[in-house]
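These notes are about the structure you will find just below.
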Amino acid sequence: MTLTQYGIKYAVHIITSNFGNLVAKVCESLLRRGHLSLKQLIGFTELTPQQVKNSLLILIQHNCVQPFSFDQSEGPKVTQYIALFDNIIHRGRFAKFLAVVSHELDTDHELILKDLLENGRLTLKQIIEGAESSKSQGDSAGKDSVQESFLKLVNAHFVERCPAPEPVLEQATKQEGPAKKRGAKSAKMVEVPETIEQRVIAAAAPPEAIRFSIMIDSEAGAPGGKSDNMSVGEKRKHATLEFDAEFGLNDEVVLWRANFEEFIRCLRHKACVENVRARLDDEAAVVLRAMLKATRTAEKKVKTENSVPLSLNTIYEEVINSEAGRSLTMGRVRDSLSGLCDSSQERDVDEDESYSADLKKILELAQDDEVESIVLKRYGKDAYTMFRILSLAGRPIETDKISDMSQLSLVEKNETPKILYNLWKDDYLHMERLVVTGARQSQFLVWRVDKPIIWKHVLDEMFHTALNLSLRLACEEERFKEITDLPAHKLLGEMAKQWQLYRNVILVLQASLLKLDDALMLFHDF
């Protein structure tokens, strides 16, 4: 998705808050201009070469920038730098990521993840040292305990090896061939060409067999073992050697980082389950959660449109393994699946029939609800009714017909053009003026909901609101700085009231920002 105006401003604000103005200036230049060389960055930012280099090192360390180069037959190789917008935005979601690990594993694993999130990239030795130093003196969990927790994080795909330091891309041709079709079942749909950022990320990613593999004894010099997903034998040795040669890891110094992709997948699954609970019922939510939990590691990408197919027997086994699903019968599970899966899929009569939840439809309905809620709160019930009619129709409709379909009174019908105009003026509707020629020329207006364009506009508004909330949060923290710097025993009388006021304001702003971020992920990440 193309970056929006306020999306860039919000990302720059996050970098400014975390690393200061100099680093933010370099990052903003990359976000607005695309990939740049060091020489170009120095020219655009008007900073000294050393300032730009230091800023780039900080951004790379924290996974906000990825270096790469183009494959050139002639001339010296020139390193390019590209900003990773999603990774920058994820910095505001660290609390959510920690909550995921706390729920899936426990607080010991949360401690390791927090260290990785704060430092960006660490070796296993640094992770162990950080975890041991963070523990209180009364809790003397040793190196073996930390290594075991780290292994579980890697096996759960919450932690991964860092990407290649500088992948090489083939030069993209100016005139690329026609987009490839996805397949016979979706012949009308074509693949969107990959952006430079997507190509860089794909080229830098370690091979899947290596991405989540670890040899503790070779890196940390301590007994431990290998992760469960590490292959053995000559095949594994060759793969490791090839990886080490390509990624420059012959010195056995392997860097690790948090795997944002897996956290977004978990949050996406949670959003799907909660939307099904609200739209259908608790039983359907239990069934969907069981399906997604059983197939999470089999998903090839985060934005998968359908869950991995499972047989009815397998789904039922997964459902009754959970406490909430033990009371469900096979028939009730089948009934729930009918509301989760594409009704056009043909089913066999035996119990080996496979089911795949339509995740794309679940999320699209959630997006519809979110936008309709915005229209209702901002423009009122009549505008909401008209917008919903146009959204469900999926085609242009004339003004008078919208009035008739809305079942409005005569007075309200006279207000229809004004309401539609207000929605159009704020980019929530698309309008066309049609002229009919004949014995008597006439013209009329038709309106429609152009979802890709409107959804992008809604996303930009959300980024704008997130930026304003973040700025307000920073302003309140600065306003109450004298109070927050005081020791607890001095917070008496009026000072105590001011402290409580500060806490109330901060809690409201933080809760609002977290809730808004849920909507942001729905439109941008899911």
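The values are calculated or read from the model by the stated rules, or taken from the named source; none is laboratory data. Treat the numbers as computed from the prediction; the structure is a model and nothing was measured. Counting neighbours? That spans all protein chains shown, and the Cβs are built from the backbone with ideal geometry, glycine included. Just the protein is used for accessible areas: all its heavy atoms, side chains included, with ligands, DNA and RNA removed. Shrake-Rupley method; radii C 1.70, N 1.55, O 1.52, S 1.80 Å.
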Checklist outcome for this item: For segment 275-288, the count of residues that are surrounded by 15 or more Cβ atoms within 10 Å (Cβ to Cβ) and in a helix (DSSP H, G or I) equals 9
Checklist entry - Do we find a residue being under 28 Å from the mean Cα position of the chain (by Cα) and modelled with pLDDT of 80 or more anywhere in segment 169-187? => result yes
Next on the checklist: Out of the residues in segment 292-311 meeting the condition of being open to solvent by 60 Å² or more (accessible area, probe 1.4 Å) and not in a loop (DSSP other than H, G, I, E, B), tell me which one is nearest to Phe526 (Cα to Cα).
Outcome noted: Asn306
Next on the checklist: Looking only at segment 325-339, filter to residues that are small (Gly, Ala, Ser), more than 16 Å from Cys272 (Cβ to Cβ) and assigned to a helix (DSSP H, G or I); which one of those is most open to solvent (accessible area, probe 1.4 Å)?
Outcome noted: Ser338
